C-alpha cells in the first residue's frame, strides 16, 4: 500500500516539475523576441489634416486624413530632422495634387499607392530609410456644405 502511495506521489511530483519547467522555458524564450521587436520599431501618429479639394475654381470639400507611421529608431537617431513634419507635408501634397480622387466613391481611391509614395518621398527628403511603414487611420471627404455645418 505504501508503494502505491509513493508511486502516485512521485508521478504527481514529476508532472508538476515538468509543467513548471516547460512554462519557464517558454517564458524565457518569448521575452527576448518581444523585447527585440519592441525596440526595433517605434510607432508615431500625425495630427488630423484637412486638405481642400478645388475644382473649377471652387472649393468642393475637404479630405480629412490621419496617418500613423513606423520609424526605425537607429535611423531616426542619425537623421538630423524628425520625420513628423515631412510626413504631414508629403500627405498634404499628395492628396492636394491628386485629381483622380472621386469624391462620391472614396473606396476606389488607391490607398496602398498613396502609402508607398509617402514612404518613398519622406525617406528621400530625409536622406535615409527612417520611415519603415505607414498606416492610414482616417481618410474621409467632407463636402463644403458639411464643413460649414460643423463650424
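Values computed for the structure shown
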quantity: Members of region 99-121 that are without any contact (Cβ under 8 Å) to a residue 40 or more places away in the chain and in contact with a helix residue (DSSP H, G or I) (Cβ under 8 Å, 6 or more places away or on another chain); calculated: 102, 114, 117, 121
quantity: Strands (runs of 3 or more DSSP E) enclosed by region 1-118 - at least 1 residues per element that are more than 30 Å from residue 144 (Cα to Cα) and at pLDDT below 90; calculated: 42-45
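The values are calculated or read from the model by the stated rules, or taken from the named source; none is laboratory data. Remember, it's a predicted structure, so these values are computed and weren't measured experimentally. Note that each Cβ is placed from the backbone with ideal geometry, even for glycine, and that neighbours are counted across all protein chains shown.
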